[in-house]
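Peer 1: My questions will all concern the structure given below.
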Amino acid sequence: MTSSQYDSRLELSAEAQDLLFREARTANTFSPEPVTDEQLRAIHDLVKWAPTSMNNQPLRALVVRSDDARQRLLKHMAEGNRAKTETAPVTVVLAADTDFHENLPTVFPHVPGAKDMFGDPAGRARVSRLNASLQVGYFILGVRAAGLAAGPMTGFDADGMDAEFFADKPWTSLVVVNIGKPGENAWQERLPRLGYDEVVDTV
């Protein structure tokens with residue numbers, strides 16, 4: 001992909017810009033090369049530093065590796081997402097923890113009463129979903145930073161997924177992400193992006 005005229009305005013190298021954004025694509029097929037636990041740990045160790053409100057970090061992840069777990073996952077995926085999920089080296093279900101506030105004494109210790117600010121379950125669910133969604137974006141960039149391709153999907157039965165995997169947890173599923181090295185014909189045609197003047201207004 002052609003370099004941007006704004007490359008030099010950014011601190012990140014042009015190569016890193018390409019790796020994370022310009023040349024990175026959503027993969028629809030994957031090679032059989034495995035994704036290791038060490039790679040997943042490296043991704044987490046990088047993206048955990050990205051910001052969330054009050055450092056609440058509500059994102060949780062279920063790594064689906066075993067054949068049994070994959071079959072349990074597939075039955076909740078939309079039909080168009082099943083084949084690529086079945087053949088991905090590893091799939092991660094990203095979820096929001098609605099009891100994130102229990103960790104605030106640890107992750108936001110300078111405000112001793114922070115946990116008590118989230119007594120309303122409905123409000124807590126909104127906060128957890130917003131911040132976990134931010135972390136989903138960070139996670140995808142982390143996958144790319146590891147030299148892997150991500151295939152994020154929201155086409156699945158979320159209620160069924162939660163009942164299947166999170167019945168004993170205060171987690172609500174957000175996105176399912178296939179991860180691996182891209183396989184044959186992994187990409188669809190690159191779609192257009194909106195320009196600066198189409199999305200930015202200055203007052």
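Peer 1: Excluding Ser31 itself, calculate the net charge of residues whose Cβ lies under 14 Å from the Cβ of Ser31, where each Lys or Arg counts +1 and each Asp or Glu counts -1.
Peer 2: Charge balance in the 14 Å sphere: 0.
Peer 1: Counting Lys +1, Arg +1, Asp -1, Glu -1, what net charge surrounds Pro105 among other residues with beta carbon under 11 Å of its beta carbon?
Peer 2: That sum, taken over residues with Cβ under 11 Å, equals -1.
Peer 1: Still on this structure, I have one more. Which of the lysines could be linked to Lys84 by a straight reach, that is with a Cα gap under 18 Å, when you skip same-chain ones fewer than 8 residues away?
Peer 2: Lys75, Lys181
Peer 1: Setting aside same-chain residues fewer than 8 positions from Lys169, which aspartates and glutamates have a Cα under 12 Å from its Cα?
Peer 2: Within reach: Asp97, Asp99.
Peer 1: ³J(HN,Hα) across the stretch 151-158 via Karplus (A = 6.51, B = -1.76, C = 1.60, θ = phi - 60°), whole Hz, x for Gly/Pro?
Peer 2: Calculated HN-Hα couplings, in order: x, x, 9, 10, x, 7, 7, 5 Hz.
Peer 1: In whole Hz, with x marking every Gly and Pro, tabulate ³J(HN,Hα) for the stretch 161-170 from phi via Karplus 6.51 cos²θ - 1.76 cosθ + 1.60, θ = phi - 60°.
Peer 2: With coefficients 6.51, -1.76 and 1.60, one gets 4, 5, 5, 5, 10, 10, 4, 9, 10, x Hz.
Peer 1: How far, in nm, would the chain grow between Leu46 and Ala122 when pulled straight, counting 0.36 nm per residue and subtracting the alpha carbon separation?
Peer 2: Here the answer is 24.3 nm.
Every number here is computed from the coordinates shown, using simple stated rules; none is lab data. A quick note: this is a predicted structure, and the numbers were derived from the prediction, not measured. In this analysis, Cβ positions are derived from the backbone assuming ideal geometry, glycine residues included, and neighbour counts consider all displayed protein chains.
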